[in-house]
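Report on the following structure.
The values are calculated or read from the model by the stated rules, or taken from the named source; none is laboratory data. Please read all numbers here as calculations on a predicted model, not as lab measurements. Every residue, glycine as well, gets a Cβ built from its backbone with ideal geometry; the counts of neighbours run over all protein chains shown. Note: accessible area is taken over every heavy atom of the protein model, side chains too, but ligands, DNA and RNA are not part of it. Shrake-Rupley method; radii C 1.70, N 1.55, O 1.52, S 1.80 Å.
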Amino acid sequence: MKAEDAADMMDQEKENDRFKQRAAVCIAILAMLLAITGLGGANAGKEATNNNIYAANHYAFYQAKNIRQTDYNLAADAIELAFLQDGSLNAEARTALKAKAEAYRKTAARYESEPETQEGKKELMARAKDYESRRDHALKQDPYFDYAEALLQIAIVLISVSIVATLPWLAIVGGIVGAAGGLLMVNGYTLAVEIPFLAA
C-alpha cells in the first residue's frame, strides 16, 4: 500500500466520521422535535375531550334551566287561570295566589339571565359555545401533530439507515422528511396555515 492510498483512506474515514456525527446530531434534534410533537398531540386530544365534556354539561344545564323555566311559567299560567275561573275566592286567597304567580314569573325571568352566578340560560349558552370553540380548536390541531409524529419517526429511521449504509443521499431525504414534520408540528401549535387534507 502506498502512502498516498493510506492518506486517501484516512481522509475518507474522517469524512465518514463527520457524516456520522452530523447525522447523529440531526437524529437527536428530530427526536427532541418528536417528543415535543407527542406532547402537543396528547394535550390537544385531552383538551378536545375535556372541552367537549364541559360543553355537553353546560348544554345539559341549559336544558334543565329551560325545563324549569317552562314549568314555572306553566304553574303561573295555571294559577292565573284558576284565579280568573273561580270567582268564589276571598280577597286573602286572591292576594296569595297572585303573589305566588308573580313569584313564579320572577323565577322564570331570572332563569333567562343570572350574571351574578353565571348560571342563567344566556350565560350557560355562551359558556357552552366557548367550550365548543376550544374543542374545535384542539380538534384542528390534532391531525397536524399526528402527521408530524409520523414524518419525524420516518426521518429518524431514514437517517439511522444512512449511517449504517453510509448513504449521505438517504440522510438528505431523511432531513427533508424531518423538516416537513417539524413544520407540521409548528403548524399544529400555531394553526398558521390550513392544509386542506389535514383540516378536521
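Annotation for LYS46 and LEU198: the two label points, set 7 Å from Cα along the Cα-Cβ direction, are 2.3 nm apart.
Maximal additional length on extending the ARG68-ALA180 stretch stands at 34.9 nm, based on 0.36 nm per residue less the C-alpha distance. Here GLN85 and ASN57 are evaluated by their C-beta separation; at R0 = 35 Å the FRET efficiency comes out at 0.25. Farthest toward the positive end of the dipole of the chain, out of TYR189, GLN63, LEU158, is the Cα of GLN63, where the dipole comes from beta carbon charges about the Cα centre. Summing Cβ point charges (Lys, Arg +1; Asp, Glu -1) relative to the Cα centre of the chain gives a dipole of roughly 740 debye. Farthest toward the positive end of the dipole of the chain, out of GLY120, ILE53, HIS137, is the Cα of GLY120, where the dipole comes from beta carbon charges about the Cα centre. Rolling a 1.4 Å probe across the protein heavy atoms gives region 49-200 an accessible surface of 60 Å² per residue. Each residue of region 70-86 was assigned a 3J(HN,Hα) from its phi angle through the Karplus expression (A = 6.51, B = -1.76, C = 1.60, θ = phi - 60°), giving 5, 4, 5, 5, 5, 5, 5, 4, 5, 5, 5, 5, 5, 4, 6, 7, 9 Hz with x at Gly and Pro. List the residues of region 144-161 whose backbone N lies under 17 Å from a point placed 7 Å from the Cα of ALA28 along the Cα-to-Cβ direction. Residues 156, 159-160 qualify, since their backbone N sits under 17 Å from the label point.
Comparing mean-square fluctuations of ALA23, ALA60, ALA99 from a GNM of the chain with C-alpha springs under 10 Å, the top value falls on ALA99. Between GLU114 and GLU119, GLY120, LYS121, LYS122, GLU123, the built amide H atoms are under 5 Å apart, and every one of these is 5 or more places off in sequence or on another chain. Full extension of the chain segment joining ARG18 with LYS106 gains 23.6 nm, where the gain is 0.36 nm per residue of separation less the Cα-Cα distance. Using a 1.4 Å probe on the protein heavy atoms, what percent of the accessible area of region 69-118 belongs to carbon and sulfur? Ligands and nucleic acids excluded, carbon and sulfur reach 57 percent. Sequence-ordered 3J(HN,Hα) estimates for region 104-115 from the Karplus curve with 6.51, -1.76 and 1.60 and θ = phi - 60° stand at 5, 5, 5, 4, 4, 5, 5, 5, 5, 8, 10, x Hz, glycine and proline given as x.
Only one of the values (1) 17.2; (2) 21.6; (3) 22.6 was calculated from this structure for Kirkwood radius over Cα pairs in Å; name its label. Checking each listed value against the structure points to (3).
Karplus-derived 3J(HN,Hα) values for region 148-153, using 6.51 cos²θ - 1.76 cosθ + 1.60 with θ = phi - 60°, are 4, 4, 4, 5, 5, 5 Hz; glycine and proline are entered as x.
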